[in-house]
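Trainee: One structure coming up, written as structure tokens, with questions to follow.
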Amino acid sequence: MNRIDEKFKLLKEKGKTALIAYIMGGYPNLDLSPKIIQSIIDSGADVLEIGIPYSDPLADGPTIQRASEKALAEGVTTPDVFNLVKNLRERNNIPILIMTYYNIIFHYGLDKFTEDAFNNGVDGVIIPDLPPEEADLWLEASKEKLDTVFLLAPTSTEERIEKIASASKGFIYCVSLTGVTGARESLSNSLPDFIASVKSKTDKPVGIGFGISTSKQAKEISELADGVIIGSAIINLIEKSKTEEEQIKNVSEFIRNVRREM
Amino acid sequence: MSPEFFLPDKEGHYGEYGGKYVPETLMAALKELEEAYNKYKDDDEFKEELNYYLKDYVGRPTPLYLAERLTNLLGGAKIYLKREDLAHTGAHKINNTMGQILLAKRLGKKRIIAETGAGQHGVATATVAAMFGLECVIYMGEEDIARQAPNVFRMKILGAEVVPVSSGSKTLKDAMNEAIRDWVTNVKTTHYIIGSVAGPHPYPMIVRDFQIIIGKETKEQILAKEKRMPDYIVACVGGGSNSMGIFYPFLNTDVKLIGVEAAGLGLETGKHGASLEKGSKGVLHGSMSYVLQDEFGQIQEAHSISAGLDYPGVGPEHAYMKDKSLVTYVGITDKEAIDAFKLLSKTEGIIPALESAHAIAYLNNLAPGLSKDKIIIVNLSGRGDKDVQTAAKVMGFSL
């Protein structure tokens with residue numbers, strides 16, 4: 001059993017929902033990024049998603065786009081992010097997934113990406129522009145070593161829900177709204193029906209992400225799902241904080257608050 | 001008929017290229033579009049309506065014109081121009097937007113979005129949206145807005161909202177990212193009219209099919225005028241829609257097909273838009289094709305004096321045609337394009353779009369070395385009124 005499965009099993013036994021935190025790797029720079037991520041872990045996140053920045057992040061809203069541009073401007077590369085994971089892995093057992101776009105993986109080489117990710121301590125990947133229809137080669141290369149989490153959206157048909165639920169490993173990433181990533185004021189009314197439909201077709205853990213920005217929303221979502229995914233809200237906090245100390249302090253407080261509410 | 005004529009396969013692949021590399025949110029809409037297209041493409045009422053508008057509104061068929069003075073000047077093969085610049089709105093782009101808006105109407109979509117580089121596709125989209133009374137939003141990079149001001153104004157006059165895109169390189173690639181993000185958000189009410197043979201399946205197929213009319217007319221016209229097929233067809237390639245349209249009916253014949261990419265400041269300078277000649281396999285905007293990218297798969301900024309060719313990707317079927325050697329791809333620099341822009345204006349009284357000027361420029365390399373009984377057809381994909389500012393700047397005129 002890998003780290004992701006173990007974590008969800010453990011939380012389920014405790015009757016708890018996973019807090020899944022997304023952060024762009026190497027953001028706001030390579031020095032500070034490991035400190036921020038460590039503080040996210042220490043403040044109670046259960047699962048980490050670490051982004052590899054990409055020039056054309058078309059599933060992302062303005063917040064993650066800016067983080068991606070900033071990291072690229074800092075010169076952050078795929079090996080840098082692997083190295084970041086390697087260093088985190090030395091003293092953390094938290095499940096770590098890489099989230100990035102397919103061209104980054106494809107260009108690196110499917111086998112090489114799998115090897116390097118696995119050897120540095122990555123447990124799985126989330127690729128927002130790779131639906132199962134295009135994933136055969138990737139799954140063939142990675143299946144022994146990395147879980148691939150597929151995404152479902154409110155627009156997914158019943159047929160696709162079945163297909164994707166069956167293809168997804170680790171958990172199923174349900175996009176809470178019809179749109180791109182980014183903090184939103186309120187959540188979609190149709191979310192409970194969508195999640196119920198997913199849950200009726202699978203026993204795999206279901207994570208919900210996109211648009212979740214407050215501990216109150218996280219609590220609402222935790223009633224529906226096995227995992228609550230928060231990303232843009234964390235990056236917004238880092239953007240707003242003036243000093244490094246403030247960035248770490250604000251992010252830690254936010255994660256602790258969310259964890260407590262859930 | 002050879003297998004090429006049956007591509008893409010049912011998942012939208014052209015060999016290893018094409019496909020649907022998009023967020024899950026869009027998968028249902030792509031399927032809906034594909035089903036609608038498959039239903040209507042052979043539907044008599046749809047075809048009749050499209051033909052009616054193409055004839056009476058767009059002004060098709062566009063002429064195939066013998067450029068006698070240019071032929072004499074270059075002193076070799078006989079040169080014909082397929083006059084897509086004479087189509088309504090001044091470029092071939094409207095062939096596709098007209099087809100797609102008729103599909104959008106049948107899908108019950110009330111809102112139209114599009115990306116644009118040179119502004120020709122934006123204008124062509126705003127035009128058909130105005131004609132059918134649909135809301136229209138056009139995404140355009142800030143840099144392109146600055147260099148294509150006349151087209152920005154045209155879109156606004158036509159009632160479209162032009163949204164400036166300031167991310168990344170602030171050009172066509174970023175406009176397309178933003179249009180996709182809009183579509184992900186508003187997919188239930190909105191139809192996205194992609195302007196080139198790029199993007200996720202079924203777009204490359206749909207746009208190709210709506211542009212094939214260029215090649216079909218060309219074939220009939222040249223057979224009527226010369227009683228034979230041409231020897232060469234030359235067209236510029238950015239995303240690749242005008243070239244695909246004129247090439248397609250001539251694939252697997254003896255006609256040599258030449259696609260002209262933007263060599264920008266030179267193919268060896270790294271500042272160009274030549275994805276097929278200098279790029280490598282990768283995924284951009286929903287399909288696998290050739291892209292300009294760095295060693296880590298970050299998409300590179302393209303460079304061309306022509307906004308319509310300033311794109312770091314190319315339609316997936318072009319990638320396939322390159323690998324199969326069905327088309328030869330070459331590069332023309334900014335400078336050569338500007339020279340051709342002047343040349344065609346002076347010898348034929350036709351100011352070409354800077355995109356099309358790339359195809360014209362290649363005649364200097366091709367025509368003089370051929371005997372006078374050979375025939376070359378150039379797709380003159382658009383007119384150059386939109387480019388006068390850019391050209392004036394390069395030529396040292398202040399307007």
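Please treat every number below as a calculation from the coordinates, not as lab data. These numbers were taken from a predicted model, which means no experiment stands behind them. Using ideal geometry, Cβ is built from the backbone for each residue, glycine included, and neighbour counts are taken over all protein chains shown.
Trainee: Determine the gain in length on full extension of the stretch residue A:10-residue A:216; use 0.36 nm per residue of separation and subtract their C-alpha separation, reporting nm with one decimal.
Mentor: Fully extending the segment from residue A:10 to residue A:216 adds 71.8 nm.
Trainee: Given only helices, namely DSSP H runs of n ≥ 4 each adding -39500 (n - 2.57), what is the per-residue ellipticity at 222 nm of the protein assembly as shown, to the nearest 500 deg cm²/dmol?
Mentor: It lands at -13500 deg cm²/dmol.
Trainee: Now, a different point. Rank the residues B:397, A:254, A:113 as a footprinting-exposure proxy: fewest other Cβ atoms within 10 Å of their Cβ go first.
Mentor: Result, fewest neighbours first: B:397, A:254, A:113.
Trainee: Continuing with this model, one more query. Any chance you could check the Cα centroid distance between the range A:149-169 and the range A:70-133 for me, in angstrom?
Mentor: Comparing the Cα centres of the range A:149-169 and the range A:70-133, I get a distance of 23 Å.
Trainee: Now, a different point. Toward the positive end of the charge dipole of the protein assembly as shown, about the Cα centre and with charges on Cβ (Lys, Arg +1; Asp, Glu -1), which of B:179, B:296, B:313 goes farthest?
Mentor: The listed residue farthest towards the positive side: B:179.
Trainee: For chain A, report the convex hull volume of the alpha-carbon atoms normalised per residue, in Å³, without decimals.
Mentor: Per residue, the Cα convex hull of chain A comes to 114 Å³.
Trainee: So who's got an amide H within less than 5 Å of the one on residue B:331, skipping anything under 5 residues away but keeping other chains? H placed 1.01 Å off N, in plane.
Mentor: Amide H to amide H, under 5 Å and 5 or more residues apart or across chains, residue B:331 pairs with B:261.
Trainee: Between residue A:189 and residue B:253, what is the FRET efficiency for a Förster distance of 45 Å, r being their Cβ-Cβ separation, to the nearest 0.05?
Mentor: Once the sixth-power term is evaluated, E becomes 0.20.
Trainee: With 10 angstrom as the radius, rank A:262, B:98 by how many other C-beta atoms surround their C-beta, starting from the fewest.
Mentor: Ranking A:262, B:98 by Cβ neighbours within 10 Å, fewest first, gives A:262, B:98.
Trainee: How high is the relative contact order of chain B, in percent, with contacts defined as C-alpha pairs under 8 Å that are six or more residues apart?
Mentor: For chain B, the relative contact order is 20 percent.
Trainee: Hey, another quick one. Using alpha-carbon positions, what is the distance between the centroids of the range A:46-67 and the range B:337-399, in Å?
Mentor: Each part reduced to its Cα centre gives a spacing of 43 Å.
Trainee: Suppose every K and R has +1 on its Cβ and every D and E has -1 on its Cβ; what is the size of the dipole of the range B:90-172 about the Cα centre, in Debye to the nearest 20?
Mentor: Around 340 debye, computed over the range B:90-172.
Trainee: With +1 on each Lys and Arg Cβ and -1 on each Asp and Glu Cβ, and nothing else charged, work out how big the dipole of the protein assembly as shown is about its Cα centre, in Debye to the nearest 20.
Mentor: With Lys and Arg at +1 and Asp and Glu at -1, about 920 debye.
Trainee: Now a separate question. Using alpha-carbon pairs under 8 Å, 6+ residues apart, how would you state the relative contact order of chain A in percent?
Mentor: With pairs under 8 Å counted, the relative contact order is 22 percent.
Trainee: With Kirkwood's inverse mean 1/r over C-alpha pairs for Rh, give me the Rg to Rh ratio of the range B:159-237, two decimals please.
Mentor: A ratio of 1.14.
Trainee: Using the charge dipole of the protein assembly as shown (Lys, Arg: +1 at Cβ; Asp, Glu: -1 at Cβ; taken about the Cα centre), state which of B:239, B:205, B:63 has its Cα farthest towards the positive end.
Mentor: B:63
Trainee: Write down, largest first, the equivalent ellipsoid semi-axes of the range B:251-395 in whole Å, where each equals the square root of 5 times an eigenvalue of the alpha-carbon gyration tensor.
Mentor: Semi-axis lengths for the range B:251-395 are 26, 21, 12 Å.
Trainee: In the range A:60-196, if the dipole is taken from +1 on Lys/Arg beta carbons and -1 on Asp/Glu beta carbons about the Cα centre, which of A:148, A:62, A:196 is farthest to the positive end?
Mentor: The listed residue farthest towards the positive side: A:62.
Trainee: If you bin the C-alpha pair distances of the range B:325-382 every 5 Å from 0, what whole percents do you get?
Mentor: Result, from short to long distances: 4, 18, 27, 26, 17, 6, 1, 0 percent.
Trainee: Sorting A:260, B:154 on the 10 Å Cβ count, fewest up front, what's the list?
Mentor: A:260, B:154
Trainee: Can you pull the semi-axes for the range A:129-262, root of five times each eigenvalue of the Cα gyration tensor, sorted largest first, whole Å?
Mentor: 29, 18, 13
Trainee: Continuing with this model, one more query. Any idea what the dipole of the range A:3-261 comes to, in debye rounded to 20, about its Cα centre with Lys/Arg Cβ at +1 and Asp/Glu Cβ at -1?
Mentor: 840 debye
Trainee: Can you tell me the Rg and the Dmax, both Å, for the Cα atoms in the range B:94-182?
Mentor: In order Rg, Dmax, the Cα atoms of the range B:94-182 give 12.1, 36 Å.
Trainee: So what is the relative contact order of the range A:81-213, in percent, for Cα pairs below 8 Å that sit 6 or more residues apart?
Mentor: Reported relative contact order: 20 percent.
Trainee: Another one. Quick check: convex hull of the Cα atoms in chain B, volume per residue, rounded to a whole Å³?
Mentor: Cα convex hull per residue, to the nearest whole number: 130 Å³.
Trainee: Based on the Kirkwood radius over alpha-carbon pairs, what is the Stokes-Einstein translational diffusion coefficient of the protein assembly as shown at 37 °C with 0.692 mPa s viscosity, in µm²/s?
Mentor: 127 µm²/s
Trainee: Starting from the Cα gyration tensor of the range B:1-52, take the square roots of the eigenvalues, sort them a ≥ b ≥ c, and report rounded, prolate or oblate (rounded when a/c is under 1.5, otherwise prolate if a/b is larger than b/c, else oblate).
Mentor: Oblate.
Trainee: Restricting to the protein assembly as shown, what percent of DSSP beta bridges are antiparallel, rounded to 5?
Mentor: 20 percent
Trainee: Kyte-Doolittle cut-off 0.5, length cut-off 15 Å along the helix's own axis using Cα: show which whole DSSP H helices in chain B pass.
Mentor: Length and hydropathy pass: B:120-132.
Trainee: Further question on the same structure: Quick check: Cα centre of the range B:239-289 to Cα centre of the range B:22-39, how many Å?
Mentor: That distance is 26 Å.
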